[in-house]
Amino acid sequence: RTPIAGAGLLNDIAIADNGDVYVSDSQADRIYRVAGGQVEAWVSGLAIASPNGVLAQRGRLVVGTNGDGCVKAVDLASRQVAIIANLGAGLIDGIAYDGAGGLLVSHHEGRLWQIAPDGVVRMVLDTTSIRMPIADVAYVPSLGLAVIPTFTAGRVIGYRVGGVTSFIA
């Protein structure tokens, strides 16, 4: 357990290859880094306004920033922030590697996006019409399966990217 003094709403975590832990604080517009038992406010401000989902990947921290609806990359060495894609209105919740060099990103309202390595964005699932939220997302590359807690009816769904699978619990 590591207390984070002054935190507003700690939301998501990611662990880098070197073991550093990154924690988003959606209320304080901040990302903390926990390394060697020490906590630091690693990145903060408008560039990462209202961060939620985070994913450590290939020397960068991928961050969903709900202040502007963007998915961004923060270089782990320089802390430089760059936009990967703008998803527009919606609450970015989860981010997962898609196994093919891209990302899967969930909008809590019920949309699952895939961002290709070249930045092309496509919606792969839309459950807004049935009012089924998509919270976080995990991806199992060997099965091509996105696993999603829905926040409703104690339900977890599985969705095969490119088609529906039969897994619903």
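If you go through region 57-72 and keep only what is closer than 19 Å to Leu104 by Cα and open to solvent by 30 Å² or more (accessible area, probe 1.4 Å), you end up with Arg58, Gly59, Arg60, Asn66, Asp68. Of all residues in region 40-56, those that are crowded, with 18+ Cβ neighbours inside 10 Å and assigned to a strand (DSSP E or B) total 8. Specify which of the listed residues (Gly64, Gly69, Gly90, Gly99) is on the phi > 0 side of the Ramachandran plot and in contact (Cβ under 8 Å) with a residue 40 or more places away in the chain. So the residue among Gly64, Gly69, Gly90, Gly99 that is on the phi > 0 side of the Ramachandran plot and in contact (Cβ under 8 Å) with a residue 40 or more places away in the chain is Gly99. Applying the condition of being outside any strand (DSSP E or B) and within 12 Å of Gly53 (Cβ to Cβ) to region 91-121 and asking which residue is least open to solvent (accessible area, probe 1.4 Å) yields His108. Residues of region 1-21 that are open to solvent by less than 60 Å² (accessible area, probe 1.4 Å), over 15 Å from Ala73 (Cα atoms), part of a loop (DSSP other than H, G, I, E, B) and touching a strand residue (DSSP E or B) at 6+ places or on another chain (Cβ under 6 Å): Ile4, Ala7, Gly8, Asp20.
Just so you know, in region 135-169 the residues that are more than 18 Å from the chain's Cα centre (by Cα) and not in a loop (DSSP other than H, G, I, E, B) include one that is modelled with the highest pLDDT, and it is Arg160. Whether a residue is out of contact with any helix residue (DSSP H, G or I) (no Cβ under 7 Å at 6 or more places or on another chain) and at pLDDT below 95 was assessed, and Asp126 passes this test.
Of the residues that make up region 22-31, is at least one more than 25 Å from Ala135 (Cβ to Cβ) and either out of contact with any strand residue (DSSP E or B) (no Cβ under 7 Å at 6 or more places or on another chain) or buried (at least 18 other Cβ atoms within 10 Å of the Cβ) (or both)? No, because not a single residue in region 22-31 is more than 25 Å from Ala135 (Cβ to Cβ) and either out of contact with any strand residue (DSSP E or B) (no Cβ under 7 Å at 6 or more places or on another chain) or buried (at least 18 other Cβ atoms within 10 Å of the Cβ) (or both). Considering region 76-90, the residues that are open to solvent by 60 Å² or more (accessible area, probe 1.4 Å) and in a strand (DSSP E or B) include one that is farthest from Val161 (Cα to Cα), namely Ile83.
The values are calculated or read from the model by the stated rules, or taken from the named source; none is laboratory data. What you are looking at is a predicted structure, and each value in this text was computed from that prediction instead of being measured. For neighbour counting, all protein chains shown are included, and Cβ atoms are generated from backbone atoms with ideal geometry for every residue, glycine included. Just so you know, the surface numbers come from the protein's heavy atoms only, side chains and all, with ligands and any DNA or RNA stripped out. Shrake-Rupley method; radii C 1.70, N 1.55, O 1.52, S 1.80 Å.
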